[in-house]
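Asker: Here's a structure for you.
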Amino acid sequence: MVEKGNNLYPFVHLSSDGNLFIFANRDSILFDYHRDQIIKKFPRIPGDGARNYPSTGSSVMLPLEHEDGFRKVEVMVCGGSVAGAPRAAKRGQFLDALSSCGRLVITDENPEWVMEEMPGPRVMNDMLILPTGHILIINGAKQGCAGWQMATRASYHPYLYEPKETVGKRFSVLNSTGIARMYHSSAIVLPDGRILVAGSNPYRRYTFGVAYPTELRVEAFTPYYMGRFFDYKRAWNLSIQCDRLNDGIGYGEEFSVWFELERKPADVVKFYAYPPPFATHSFSMNQRMLKLECRSIVRDVGGRTHAILKAPPSSIVAPSGYYLLTVVNGGIPSKSEWVRFIQE
C-alpha cells in the first residue's frame with residue numbers, strides 16, 4: 001500500500017533518449033515532455049514508506065560514460081520516511097527514517113530495482129556526485145520527516161558511496177560535523193573539490209536557543225582525496241584550449257587540455273564534466289556527470305601533460321552551458337576549471 005501524498009519536489013533526470021525520468025513517492029515514469037505522454041511506467045521501488053516531500057529522500061543519476069555512447073542511464077534513490085511518519089511527527093512521535101537505497105537502470109528493456117542498505121537511517125539527505133564519480137550523502141536526520149519541527153536525531157556523519165565497488169563494500173562512514181543540518185539545508189560541490197554545506201531552519205522564523213536552531217554558519221567539508229598525501233598524483237595548472245574557447249566547444253568537437261603532473265600519468269586517467277546544480281529540499285537539480293573520451297595523453301620530461309578530449313555528442317547528453325572539467329589521475333581529482341559546451 002502506498003501512502004497518498006509524499007509527492008512534492010519529485011526527482012527529475014534527463015535521460016539519454018531526451019525524455020524525463022520522474023520519481024514521486026514510490027513510483028516513477030519516463031515522460032516525453034514534447035508530446036505530453038508517458039512513455040513507460042517503471043516498477044515501484046520496494047519497501048515501506050516514501051521518498052519525496054514530506055518523506056524527503058534524495059536521488060542522483062550515476063555518471064554517464066563515453067564507452068557506451070552515454071546511453072546507459074542508472075538512477076539511485078536513497079533515504080526517506082516510513083509510512084505514517086508525517087502524521088506521527090505532528091503528534092511529537094518521530095519514527096525511524098528509511099535506510100534503504102535503490103538503483104534502477106532506466107534504459108534497460110525490463111528494469112528492476114536493486115536495493116542496498118545505507119549505514120543508517122536518513123531523511124532530508126543531500127546526494128552529490130563528487131569529482132571522482134563517487135556519491136556523497138550528507139545532511140539530514142535519522143528520525144521523522146521534512147517540515148517545520150518534524151524531525152529529530154541529526155545525521156552528523158556523511159556517507160561515501162562507490163558505485164563500481166562490489167555490493168557490501170560500497171558504503172563508508174566519513175568524519176562527522178558538529179552542526180546539525182536539518183530541514184532546508186543544502187550542499188554543493190566547489191571547483192577545488194570541497195563541499196560547501198549550509199542551512200537548516202526547522203522553524204518558520206529565525207529561532208535560537210533550541211535543540212535545532214536556525215543555522216547561520218557555513219561549512220566546507222574536505223573529502224579524503226584532498227589530503228596532502230595524494231598530492232603526488234594530483235594534476236595542477238589545468239588549462240583548456242580550443243578554436244573558439246570564449247564562445248564554447250561544440251558537441252562532438254575535440255579540444256585540448258594541458259596540466260602538470262609530478263609523475264607519469266597513472267594507468268587510469270579520467271576526465272569528468274559536471275554542471276553546477278542548484279539545490280532545494282534535498283535534491284540537486286541539473287546535476288549530472290559525464291566521463292569524457294580521451295583520444296590521447298602525453299607527458300613531457302618536465303611534467304607538462306597534454307590530453308585531447310572529445311566533447312559530448314549532443315545537448316541531450318549534456319545540456320548546453322558551463323561545466324566543471326576535472327582531471328582524475330589515479331583516483332585523485334585536480335582542481336576543476338570551467339568549460340562551456342554549446343549548440344552550433
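Asker: In the same structural domain as Val210 (by TED's automatic domain parsing), over 18 Å from Leu62 (Cβ atoms) and of a type in the set (D, E, K, R) - does that describe any residue in the range 123-131?
Answerer: Checked the range 123-131: no residue is in the same structural domain as Val210 (by TED's automatic domain parsing), over 18 Å from Leu62 (Cβ atoms) and of a type in the set (D, E, K, R).
Asker: In addition: Give me a count of the residues in the range 280-293 that are farther than 21 Å from Val73 by Cα and in a strand (DSSP E or B).
Answerer: Here the count works out to 1.
Asker: Of all residues in the range 78-102, which are in a strand (DSSP E or B) and more than 25 Å from His13 (Cβ to Cβ)?
Answerer: Keep residues of the range 78-102 that are in a strand (DSSP E or B), which gives 78, 81, 96-97, 100-102.
Matches in the range 78-102: Asp96 only.
Asker: From Val189, Val257, grab the single residue that is under 29 Å from Ser315 (Cα atoms), touching a residue at least 24 places away in the same chain (Cβ under 8 Å) and over 24 Å from the mean Cα position of the chain (by Cα).
Answerer: On the way: Val189 fails: over 24 Å from the mean Cα position of the chain (by Cα).
After applying the criteria, what remains is Val257.
Asker: Limited to the range 10-50, what total is found for residues that are hydroxyl-bearing (Ser, Thr, Tyr) and either over 22 Å from the mean Cα position of the chain (by Cα) or not assigned by TED's automatic domain parsing to the domain that holds Ile106 (or both)? Explain how you work it out, then say what you get.
Answerer: So in the range 10-50, the residues hydroxyl-bearing (Ser, Thr, Tyr) come out as 15-16, 28, 33.
Of the ones still in play, those that are also either over 22 Å from the mean Cα position of the chain (by Cα) or not assigned by TED's automatic domain parsing to the domain that holds Ile106 (or both) are 33.
The number of residues fulfilling the criteria is 1.
Asker: Of all the residues that make up the range 162-192, how many are farther than 16 Å from Leu216 by Cβ and aromatic (Phe, Trp, Tyr)?
Answerer: Looking only at that region, the number is 1.
Asker: Something else about it: At least 1 residues that are of a type in the set (Val, Ile, Thr), touching a strand residue (DSSP E or B) at 6+ places or on another chain (Cβ under 8 Å) and surrounded by 19 or more Cβ atoms within 10 Å (Cβ to Cβ) in each: list the strands (runs of 3 or more DSSP E) lying fully within the range 184-263 that qualify. Steps first, please.
Answerer: Values: elements: 185-189, 195-199, 219-221, 236-241, 254-260.
Output list reads 185-189, 195-199, 254-260.
Asker: Let me ask another. Please list, ordered by first then second residue, the pairs with beta carbon atoms under 8 Å, 6 or more apart or interchain, first in the range 229-253 and closer than 12 Å to Pro333 by Cβ, second small (Gly, Ala, Ser) and at pLDDT 95 or above.
Answerer: Lys233/Gly330; Lys233/Gly331; Arg234/Ser334; Ala235/Ser334; Trp236/Ser334; Leu238/Ser334; Leu238/Ser336
Asker: Also, quick follow-up: If you check Ser315 against the conditions, is it touching a strand residue (DSSP E or B) at 6+ places or on another chain (Cβ under 9 Å), surrounded by 15 or more Cβ atoms within 10 Å (Cβ to Cβ) and small (Gly, Ala, Ser)? Working first, answer last.
Answerer: On the way: touching a strand residue (DSSP E or B) at 6+ places or on another chain (Cβ under 9 Å): yes; surrounded by 15 or more Cβ atoms within 10 Å (Cβ to Cβ): yes; small (Gly, Ala, Ser): yes.
Considered against the rule, which asks whether it is touching a strand residue (DSSP E or B) at 6+ places or on another chain (Cβ under 9 Å), surrounded by 15 or more Cβ atoms within 10 Å (Cβ to Cβ) and small (Gly, Ala, Ser), Ser315 comes out as yes.
Asker: While we're here: Looking at the range 173-183, which of its residues are exposed (fewer than 15 other Cβ atoms within 10 Å of the Cβ) and under 30 Å from Ala273 (Cβ atoms)? Before you say what the answer is, go through the steps one by one.
Answerer: Of the residues in the range 173-183, the ones exposed (fewer than 15 other Cβ atoms within 10 Å of the Cβ) are 173, 175-176, 178.
Those that are exposed (fewer than 15 other Cβ atoms within 10 Å of the Cβ) and under 30 Å from Ala273 (Cβ atoms): Val173, Asn175.
Asker: I would also like to ask the following. May I ask you to list the residues in the range 32-52 that are buried (at least 24 other Cβ atoms within 10 Å of the Cβ) and not in a loop (DSSP other than H, G, I, E, B)?
Answerer: Correct list: Ala50 only.
Asker: Here is a follow-up. Identify all residues within the range 318-344 that are crowded, with 21+ Cβ neighbours inside 10 Å and touching a Lys or Arg at 6+ places or on another chain (Cβ under 7 Å); write none if there are none.
Answerer: Val328, Asn329, Ile332, Ser334
Asker: If you don't mind, another one. What's the number of the only condition in (1) assigned to a loop (DSSP other than H, G, I, E, B); (2) under 30 Å from Ser315 (Cα atoms) that Ile29 fails to meet?
Answerer: (1)
Asker: Whether any residue in the range 270-280 is assigned by TED's automatic domain parsing to the domain that holds Pro313, farther than 30 Å from Tyr9 by Cα and aromatic (Phe, Trp, Tyr) is what I want to check.
Answerer: Going residue by residue through the range 270-280, those that are assigned by TED's automatic domain parsing to the domain that holds Pro313 are 270-280.
Next, only the ones that are farther than 30 Å from Tyr9 by Cα stay: 270-271.
Pick out the ones that are also aromatic (Phe, Trp, Tyr) and you get 271.
The answer is yes; a qualifying residue exists.
Asker: Here is a further query. Suppose we keep only residues that are at pLDDT below 95 and part of a loop (DSSP other than H, G, I, E, B) within the range 294-313. Which one would you say is nearest to Leu324 (Cα to Cα)?
Answerer: Gly303
The values are calculated or read from the model by the stated rules, or taken from the named source; none is laboratory data. Treat the numbers as computed from the prediction; the structure is a model and nothing was measured. Note that we place each Cβ from the backbone using ideal geometry, even for glycine, and neighbour counts take in every protein chain shown.
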